[in-house]
Amino acid sequence: MPKNGFSTNGLFVAFFLIITLFAYPTLAIEVDFWIEEQVELDGYYAEQGVDYQGGYFYTSNTALVLGSISVFDQNWELLQTYDDFDEHIGDITVVGDELVAPLCSSSDQCVIRRYQLDNGLISGITLDHDISDLGFEIAGMDYDDNIYYGVEYSENGTAFIVQFSETFEYDAQYEITSLYANGIEIASFDSISERYVFISRGDIGVNAYVDIYRLYDLQESELNEPIYTFEYPTNIPLPFHAEGLTIDENQIWLAQGNIIYLGFIDINEEEDIDIGGDDSADDSGGIGCFIATVSTTSSSTNANLPTQSADLHPHQRPAKNI
């Protein structure tokens, strides 16, 4: 032992403990998003949701309590409107030769309805699955890796992401902070293996947002908060809250009344060493394009999340009237 009573091994251990306490690995998330184009529909076809599959666009609409689903080709030419029900219909998803939609007449009267698709068009109803026992309204649906996901519409407190099996048996639910949620989309990007949950939300007539969660980080036993939030325009003639969304590779479509916004989305994450765990947002890349760095080990609320407004991209094409 040295004369001063301290060993070099002891000093090393103490230094290591200090580094462990104040320096920890974080994931830096880079989100690139901008609006490239908007499609204006002749009528409020997309007042609830949107999906894209097999060269067809599908939109859901609830107007004057009557719900409908419309089918468009890739040029947004209307092919079909299916409107033989009177429940509120939310954001939709297409799985194989079926379209899946949540329909609710109240918080305790909800079903998940499956529609048969033939050559892209709706030919009838396959089956209804009663989910009224949940006790709240499912506003949107998506499907990923043999699992169905629904998001609750809630205006107070918190909301839930609900997980169902392929036969629509209840599996799990995750409490989230995304109020006024209407749409849900599960997506991944080529650069990373992580899967993300996108929740579109916004109160009536004010702003529209998308919250991003890491799918595999969702916990049943705690309140889950988004890792990132971005805002998109509400350029519509009547006040509607944020509606559904869908993502295909790096293209994102956002429904808003009679407007469909087409944008670009990409996410990258890399591990970094953060001394002190400071969250920061670095606005770069020009109008409508931004990058944010988020610490996955810090605790924050929605008010402290990095949030970026996305204006129309400088190369936006003029609105296309349908």
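The values are calculated or read from the model by the stated rules, or taken from the named source; none is laboratory data. Being a predicted model, the structure only gives us computed values, none of them experimental. With ideal geometry, Cβ positions are generated from the backbone for all residues, glycine too; neighbour counts draw on all protein chains shown.
Computed values, structure above
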{"read-out": "Selection within region 173-198 - charged (D, E, K, R) and part of a loop (DSSP other than H, G, I, E, B)", "value": "Asp190, Glu194"}
{"read-out": "Pairs where the first residue, in region 155-172, is free of Cβ contacts under 8 Å to residues at least 24 places away in the same chain and on the phi < 0 side of the Ramachandran plot and the second is buried (at least 17 other Cβ atoms within 10 Å of the Cβ) and β-branched (Val, Ile, Thr), C-beta under 8 Å, 6+ apart", "value": "Ala159/Val151; Ala159/Ile176; Ala159/Thr177"}
{"read-out": "Residue match in region 134-141 (condition: in contact with a helix residue (DSSP H, G or I) (Cβ under 6 Å, 6 or more places away or on another chain) and of a type in the set (D, E, K, R))", "value": "no"}
{"read-out": "Residue match in region 227-243 (condition: modelled with pLDDT of 75 or more, among the polar types (S, T, N, Q) and either surrounded by fewer than 18 Cβ atoms within 10 Å (Cβ to Cβ) or over 17 Å from Leu179 (Cα atoms) (or both))", "value": "no"}
{"read-out": "Within region 148-172, tally of residues that are part of a strand (DSSP E or B), over 14 Å from Thr93 (Cα atoms) and within 16 Å of the chain's Cα centre (by Cα)", "value": "6"}
{"read-out": "Which listed residue is under 12 Å from the mean Cα position of the chain (by Cα), at pLDDT 90 or above and closer than 22 Å to Ile260 by Cβ, from Tyr209, Tyr213", "value": "Tyr209"}
{"read-out": "Residue ID - modelled with the lowest pLDDT, chosen from residues in region 1-56 that are surrounded by 15 or more Cβ atoms within 10 Å (Cβ to Cβ) and farther than 30 Å from Phe72 by Cβ", "value": "Tyr24"}
{"read-out": "Residues located in region 127-147, provided they are in a strand (DSSP E or B) and surrounded by fewer than 23 Cβ atoms within 10 Å (Cβ to Cβ)", "value": "Leu127, Asp128, His129, Asp130, Tyr143, Asp144, Ile147"}
{"read-out": "Restricting region 88-126 to residues that are in a loop (DSSP other than H, G, I, E, B) and in contact (Cβ under 8 Å) with a residue 24 or more places away in the chain, the residue that is surrounded by the most Cβ atoms within 10 Å (Cβ to Cβ)", "value": "Gly90"}
